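Contents: one structure, followed by commentary.
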Amino acid sequence: MTYNLLCTDIDGTLLNKDRRLSSLTISEIKRISPTVPVILISSRMPKAMRHLQRDLCILDKPLIAYNGGLILDGETVLEDTFIPVDLVHNIYLEIANTSIHLSLYYNDNWYVPEMDYWAKREENNTKVSPFVQSVPITIKQWQKESKGAHKIMAMGDANEIDTLYKSLETNLGHSLALYRSKDTYIEIAHTAISKETAINTLLEKIYPEYSLKDIIAFGDNYNDIAMLKSVGMGVAVANAKQEVLTIANDHTATNKEDGVALSIQKYF
(Lines give C-alpha, C1' and ligand atoms only; values in the text may rest on other atoms or scores of the structure.)
Protein backbone atom coordinates (compact mmCIF):
# COMPACT_ATOMS: atom_id res chain seq x y z
CA MET A 1 0.00 0.00 0.00
CA THR A 2 1.26 3.48 -0.90
CA TYR A 3 0.54 6.30 1.53
CA ASN A 4 0.20 9.83 0.18
CA LEU A 5 -0.10 11.85 3.38
CA LEU A 6 1.64 11.56 6.76
CA CYS A 7 0.15 12.92 9.99
CA THR A 8 2.06 12.77 13.25
CA ASP A 9 1.58 13.68 16.87
CA ILE A 10 4.48 15.58 18.46
CA ASP A 11 5.02 15.02 22.19
CA GLY A 12 5.81 11.43 23.08
CA THR A 13 5.79 10.49 19.40
CA LEU A 14 7.94 12.65 17.14
CA LEU A 15 10.27 14.29 19.68
CA ASN A 16 13.09 12.49 21.49
CA LYS A 17 13.89 12.38 25.22
CA ASP A 18 15.17 15.98 25.06
CA ARG A 19 11.87 17.07 23.44
CA ARG A 20 13.76 17.77 20.23
CA LEU A 21 13.77 16.46 16.68
CA SER A 22 16.60 14.01 16.16
CA SER A 23 18.86 14.34 13.13
CA LEU A 24 17.45 11.08 11.73
CA THR A 25 13.86 12.30 12.10
CA ILE A 26 14.71 15.55 10.34
CA SER A 27 16.52 13.83 7.48
CA GLU A 28 13.79 11.22 6.91
CA ILE A 29 10.98 13.77 6.86
CA LYS A 30 12.98 16.03 4.55
CA ARG A 31 13.52 13.03 2.28
CA ILE A 32 9.82 12.29 1.76
CA SER A 33 8.19 15.72 2.22
CA PRO A 34 8.69 16.94 -1.37
CA THR A 35 6.20 14.28 -2.53
CA VAL A 36 4.39 13.26 0.69
CA PRO A 37 2.88 16.13 2.71
CA VAL A 38 3.84 15.84 6.40
CA ILE A 39 1.26 17.31 8.79
CA LEU A 40 1.97 18.01 12.46
CA ILE A 41 -1.14 17.36 14.56
CA SER A 42 -0.97 18.19 18.26
CA SER A 43 -2.64 19.63 21.32
CA ARG A 44 0.04 22.34 21.16
CA MET A 45 -0.58 25.95 20.13
CA PRO A 46 0.60 26.98 16.64
CA LYS A 47 3.60 28.91 17.97
CA ALA A 48 4.86 25.75 19.67
CA MET A 49 4.64 23.86 16.36
CA ARG A 50 6.00 26.31 13.80
CA HIS A 51 9.61 26.08 14.96
CA LEU A 52 9.37 22.32 14.40
CA GLN A 53 7.89 22.89 10.95
CA ARG A 54 10.80 25.22 10.24
CA ASP A 55 13.36 22.62 11.28
CA LEU A 56 11.63 20.04 9.06
CA CYS A 57 11.27 22.47 6.11
CA ILE A 58 7.48 21.99 6.03
CA LEU A 59 6.34 25.53 6.83
CA ASP A 60 4.39 25.48 3.57
CA LYS A 61 2.19 22.65 4.88
CA PRO A 62 -0.97 23.04 7.01
CA LEU A 63 -0.83 22.38 10.75
CA ILE A 64 -3.44 21.08 13.16
CA ALA A 65 -3.23 22.71 16.59
CA TYR A 66 -5.22 22.16 19.78
CA ASN A 67 -6.17 18.60 18.71
CA GLY A 68 -8.18 20.09 15.84
CA GLY A 69 -9.54 23.20 17.54
CA LEU A 70 -7.50 25.39 15.18
CA ILE A 71 -6.45 24.28 11.69
CA LEU A 72 -4.18 26.60 9.74
CA ASP A 73 -2.84 26.67 6.20
CA GLY A 74 -0.22 29.40 6.44
CA GLU A 75 -2.19 32.41 7.71
CA THR A 76 -5.50 31.01 6.46
CA VAL A 77 -7.79 29.63 9.16
CA LEU A 78 -9.45 26.44 7.92
CA GLU A 79 -11.24 25.58 11.17
CA ASP A 80 -11.71 27.54 14.39
CA THR A 81 -13.55 25.82 17.26
CA PHE A 82 -13.21 27.13 20.80
CA ILE A 83 -14.82 26.71 24.21
CA PRO A 84 -17.35 29.55 24.74
CA VAL A 85 -16.27 32.08 27.34
CA ASP A 86 -19.20 31.28 29.67
CA LEU A 87 -17.94 27.70 29.92
CA VAL A 88 -14.42 29.00 30.57
CA HIS A 89 -15.87 30.98 33.47
CA ASN A 90 -17.65 27.88 34.82
CA ILE A 91 -14.38 25.93 34.75
CA TYR A 92 -12.63 28.77 36.56
CA LEU A 93 -15.28 28.67 39.30
CA GLU A 94 -14.61 24.93 39.69
CA ILE A 95 -10.92 25.55 40.50
CA ALA A 96 -11.24 28.89 42.33
CA ASN A 97 -10.78 27.35 45.80
CA THR A 98 -8.06 24.88 44.85
CA SER A 99 -4.32 25.10 44.16
CA ILE A 100 -4.84 24.01 40.54
CA HIS A 101 -3.07 26.04 37.86
CA LEU A 102 -5.25 27.09 34.89
CA SER A 103 -3.65 27.93 31.54
CA LEU A 104 -5.90 29.49 28.89
CA TYR A 105 -5.11 29.38 25.17
CA TYR A 106 -6.54 31.28 22.22
CA ASN A 107 -4.79 31.00 18.86
CA ASP A 108 -1.15 31.96 19.54
CA ASN A 109 -1.87 33.57 22.91
CA TRP A 110 -1.26 31.67 26.16
CA TYR A 111 -2.40 33.20 29.46
CA VAL A 112 -1.30 32.14 32.95
CA PRO A 113 -2.20 33.73 36.31
CA GLU A 114 1.44 33.54 37.43
CA MET A 115 4.79 32.04 36.44
CA ASP A 116 4.52 29.14 38.86
CA TYR A 117 6.02 25.66 38.60
CA TRP A 118 3.46 24.54 36.03
CA ALA A 119 3.84 27.57 33.77
CA LYS A 120 7.63 27.30 33.83
CA ARG A 121 7.43 23.58 33.05
CA GLU A 122 5.21 24.14 30.02
CA GLU A 123 7.38 27.04 28.88
CA ASN A 124 10.43 24.75 28.97
CA ASN A 125 8.61 21.94 27.15
CA THR A 126 7.10 24.03 24.36
CA LYS A 127 9.67 26.85 23.97
CA VAL A 128 6.83 29.40 24.18
CA SER A 129 6.39 32.08 26.85
CA PRO A 130 2.94 32.98 28.21
CA PHE A 131 1.27 36.28 29.07
CA VAL A 132 0.89 36.67 32.84
CA GLN A 133 -2.65 37.85 33.54
CA SER A 134 -5.32 36.84 36.03
CA VAL A 135 -8.00 34.45 34.81
CA PRO A 136 -10.89 36.89 35.51
CA ILE A 137 -9.16 39.60 33.43
CA THR A 138 -8.61 37.18 30.55
CA ILE A 139 -12.26 36.11 30.72
CA LYS A 140 -13.47 39.74 30.67
CA GLN A 141 -11.19 40.46 27.71
CA TRP A 142 -12.57 37.50 25.79
CA GLN A 143 -16.16 38.51 26.59
CA LYS A 144 -15.55 41.89 24.95
CA GLU A 145 -13.82 40.33 21.94
CA SER A 146 -16.24 37.38 21.50
CA LYS A 147 -13.45 34.87 21.98
CA GLY A 148 -13.05 31.69 23.99
CA ALA A 149 -10.45 29.03 24.71
CA HIS A 150 -9.04 26.75 22.04
CA LYS A 151 -7.59 24.81 24.95
CA ILE A 152 -7.56 24.91 28.73
CA MET A 153 -4.86 23.18 30.75
CA ALA A 154 -5.59 22.36 34.38
CA MET A 155 -2.44 21.27 36.19
CA GLY A 156 -1.80 20.42 39.80
CA ASP A 157 -1.83 17.83 42.58
CA ALA A 158 -3.03 14.47 41.23
CA ASN A 159 -5.79 14.16 43.86
CA GLU A 160 -7.14 17.63 43.16
CA ILE A 161 -6.96 16.97 39.43
CA ASP A 162 -8.85 13.72 39.89
CA THR A 163 -11.61 15.50 41.82
CA LEU A 164 -11.80 18.25 39.21
CA TYR A 165 -11.98 15.74 36.37
CA LYS A 166 -14.91 13.91 37.94
CA SER A 167 -16.73 17.18 38.62
CA LEU A 168 -16.23 18.51 35.08
CA GLU A 169 -17.26 15.17 33.60
CA THR A 170 -20.48 15.20 35.63
CA ASN A 171 -21.40 18.85 35.21
CA LEU A 172 -19.95 19.87 31.83
CA GLY A 173 -19.02 16.61 30.12
CA HIS A 174 -21.68 17.11 27.41
CA SER A 175 -19.95 20.32 26.29
CA LEU A 176 -16.27 19.55 26.89
CA ALA A 177 -13.69 17.03 25.72
CA LEU A 178 -11.64 16.08 28.80
CA TYR A 179 -8.29 14.37 28.36
CA ARG A 180 -5.95 13.16 31.13
CA SER A 181 -2.54 13.30 29.44
CA LYS A 182 -0.92 12.76 32.87
CA ASP A 183 -2.34 12.21 36.33
CA THR A 184 -1.46 15.86 37.12
CA TYR A 185 -2.95 17.28 33.89
CA ILE A 186 -6.37 17.76 32.32
CA GLU A 187 -6.47 19.07 28.76
CA ILE A 188 -9.87 20.57 27.99
CA ALA A 189 -11.25 21.32 24.52
CA HIS A 190 -14.58 21.72 22.74
CA THR A 191 -16.42 18.42 22.52
CA ALA A 192 -16.92 18.74 18.76
CA ILE A 193 -13.25 18.40 17.80
CA SER A 194 -10.71 15.59 17.61
CA LYS A 195 -7.68 14.70 15.54
CA GLU A 196 -9.93 12.55 13.34
CA THR A 197 -12.35 15.41 12.61
CA ALA A 198 -9.39 17.68 11.91
CA ILE A 199 -7.94 15.29 9.33
CA ASN A 200 -11.33 15.05 7.62
CA THR A 201 -11.42 18.86 7.41
CA LEU A 202 -7.94 18.85 5.88
CA LEU A 203 -8.96 16.27 3.29
CA GLU A 204 -12.05 18.27 2.40
CA LYS A 205 -10.38 21.67 2.10
CA ILE A 206 -6.75 21.03 1.10
CA TYR A 207 -6.29 17.45 -0.10
CA PRO A 208 -9.59 16.39 -1.75
CA GLU A 209 -7.69 13.97 -3.99
CA TYR A 210 -6.90 11.79 -0.96
CA SER A 211 -9.03 9.77 1.45
CA LEU A 212 -8.41 8.43 4.95
CA LYS A 213 -7.05 5.16 3.57
CA ASP A 214 -4.24 7.13 1.86
CA ILE A 215 -2.90 8.36 5.21
CA ILE A 216 -0.29 6.98 7.59
CA ALA A 217 -0.44 8.46 11.09
CA PHE A 218 1.65 8.19 14.25
CA GLY A 219 0.68 8.61 17.91
CA ASP A 220 1.18 7.54 21.49
CA ASN A 221 -1.69 8.70 23.68
CA TYR A 222 -5.45 8.52 24.19
CA ASN A 223 -6.17 11.56 22.02
CA ASP A 224 -4.50 9.75 19.09
CA ILE A 225 -6.77 6.69 19.16
CA ALA A 226 -9.55 7.99 16.89
CA MET A 227 -6.97 9.23 14.37
CA LEU A 228 -5.01 5.97 14.30
CA LYS A 229 -8.19 3.89 13.93
CA SER A 230 -9.56 5.99 11.06
CA VAL A 231 -6.54 6.18 8.71
CA GLY A 232 -5.14 3.59 6.31
CA MET A 233 -2.13 2.87 8.54
CA GLY A 234 -2.16 3.84 12.21
CA VAL A 235 1.25 3.36 13.82
CA ALA A 236 1.88 3.46 17.56
CA VAL A 237 5.31 4.16 19.01
CA ALA A 238 6.44 1.48 21.49
CA ASN A 239 6.05 3.85 24.44
CA ALA A 240 2.36 4.42 23.64
CA LYS A 241 -0.44 3.72 26.10
CA GLN A 242 -1.58 0.11 26.02
CA GLU A 243 -4.96 1.12 24.59
CA VAL A 244 -3.16 2.83 21.70
CA LEU A 245 -0.91 -0.17 21.07
CA THR A 246 -3.98 -2.40 21.00
CA ILE A 247 -5.82 -0.53 18.24
CA ALA A 248 -2.81 0.37 16.07
CA ASN A 249 -2.20 -1.39 12.73
CA ASP A 250 1.54 -1.41 13.37
CA HIS A 251 4.09 -0.64 16.07
CA THR A 252 7.46 1.07 15.78
CA ALA A 253 10.29 1.89 18.18
CA THR A 254 9.86 4.42 21.00
CA ASN A 255 10.04 8.17 20.44
CA LYS A 256 13.46 8.05 22.16
CA GLU A 257 14.63 5.54 19.55
CA ASP A 258 13.46 7.47 16.45
CA GLY A 259 10.34 5.35 16.00
CA VAL A 260 8.69 7.65 13.46
CA ALA A 261 11.86 7.93 11.37
CA LEU A 262 12.32 4.15 11.36
CA SER A 263 8.73 3.65 10.27
CA ILE A 264 9.20 6.18 7.46
CA GLN A 265 12.15 4.11 6.27
CA LYS A 266 9.92 1.03 6.36
CA TYR A 267 6.97 2.46 4.45
CA PHE A 268 8.71 4.94 2.12
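The values are calculated or read from the model by the stated rules, or taken from the named source; none is laboratory data. Everything numeric here is computed off the predicted structure, so don't read it as measured data. No Cβ is skipped: glycine too gets one built from the backbone with ideal geometry, and neighbour counts run over all protein chains shown. Remember, those area values only see protein heavy atoms, side chains included, never the ligands or the DNA or RNA. Shrake-Rupley method; radii C 1.70, N 1.55, O 1.52, S 1.80 Å.
For a protection proxy built on the mean count of beta-carbon atoms within 10 angstrom, sort 36-43, 153-160, 189-196 highest first, please.
Numbers: 36-43: 22.6, 153-160: 17.2, 189-196: 20.4.
Per-residue mean Cβ counts within 10 Å order the peptides as 36-43, 189-196, 153-160.
Might you report the magnitude of the Cβ-based charge dipole of the chain about its Cα centre, with Lys and Arg at +1 and Asp and Glu at -1, to the nearest 20 debye? Spell out each step's value before the answer.
Numbers: 27 positive and 34 negative charges, 94 e Å.
Taking the Cα centre of the chain as origin, the dipole is about 440 debye.
Looking only at Cα atoms, what is the convex hull volume of region 33-124 per residue, in Å³?
100
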DSSP beta bridge pairing in the chain, given as percent antiparallel to the nearest 5: 55
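Rounded, prolate or oblate, given the Cα gyration tensor of region 1-79, with a/c below 1.5 counting as rounded?
Since a/c reaches 1.5 but b/c is at least a/b, the shape of region 1-79 is classed as oblate.
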Most positive-pole-ward Cα, Gly74, Ile29, Ala119, against dipole of region 1-134 from beta carbon charges: Ile29
Whichever lysines have a C-alpha closer than 25 Å to that of Lys127, once near sequence neighbours (fewer than 8 apart) are set aside: Lys17, Lys30, Lys47, Lys61, Lys147, Lys151, Lys182, Lys195, Lys256
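Relative contact order, percent, of the chain when contacts are C-alpha pairs under 8 Å separated by at least 6 residues?
On the way: 524 pairs, mean separation 57.2, N = 268.
Relative contact order, the chain: 21 percent.
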Inter-centroid distance (Cα atoms) of region 37-74 relative to region 173-197, Å: 19
Calculated from backbone phi, Karplus (6.51, -1.76, 1.60) coupling profile of region 34-48 in Hz, x at Gly/Pro: x, 10, 10, x, 10, 10, 7, 9, 8, 7, 5, 7, x, 4, 7
Interchain or long-range residues, amide H under 5 Å from Ala177's placed H: Ala189, His190, Thr191
Surface share of carbon and sulfur [accessible, 1.4 angstrom probe, percent] for region 1-123: 47
For the chain, built as a Gaussian network whose Cα springs stay under 10 Å, the top-fluctuating residue of Pro84, Pro34, Pro62: Pro34
Rounded to whole Hz, the Karplus (6.51, -1.76, 1.60) HN-Hα couplings of region 21-30, x for glycine and proline: 7, 6, 4, 5, 4, 4, 5, 5, 5, 4
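Shape call for region 175-228 from the C-alpha gyration tensor, a ≥ b ≥ c root eigenvalues: rounded (a/c under 1.5), prolate (a/b greater than b/c) or oblate?
Values: a/c = 3.99, a/b = 1.83, b/c = 2.18.
Here region 175-228 falls in the oblate category.
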Phi to ³J(HN,Hα) by Karplus 6.51 cos²θ - 1.76 cosθ + 1.60 over region 85-92, Hz, x for Gly, Pro: 5, 5, 6, 4, 5, 5, 5, 4
Other-chain or far-sequence residues with amide H under 5 Å of Phe218's (modelled H): Cys7, Thr8, Asp9, Val235
Amide hydrogen neighbours beyond the local backbone of Glu79, cut-off 5 Å, H modeled: Ile71
Fluctuation leader among Glu209, Glu169, Glu187 - the chain, Gaussian network, Cα springs under 10 angstrom: Glu209
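Quick check on the chain: helices-only [θ] at 222 nm, where DSSP H runs of length 4 and up contribute -39,500 (n - 2.57) each and the sum goes over total residues. Nearest 500, please. Don't skip to the end; give the middle numbers.
Working: 10 runs with 99 residues, N = 268.
Value at 222 nm, helices only, nearest 500: -11000 deg cm²/dmol.
Leaving out ligands and nucleic acids, note down the accessible area per residue over region 157-268 with a 1.4 angstrom probe, in whole Å². Can you show the working numbers first?
Numbers: 4910 Å² over 112 residues.
Per-residue value: 44 Å².
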Arg44, Arg31, reordered so the largest accessible area comes first (probe 1.4 Å): Arg31, Arg44
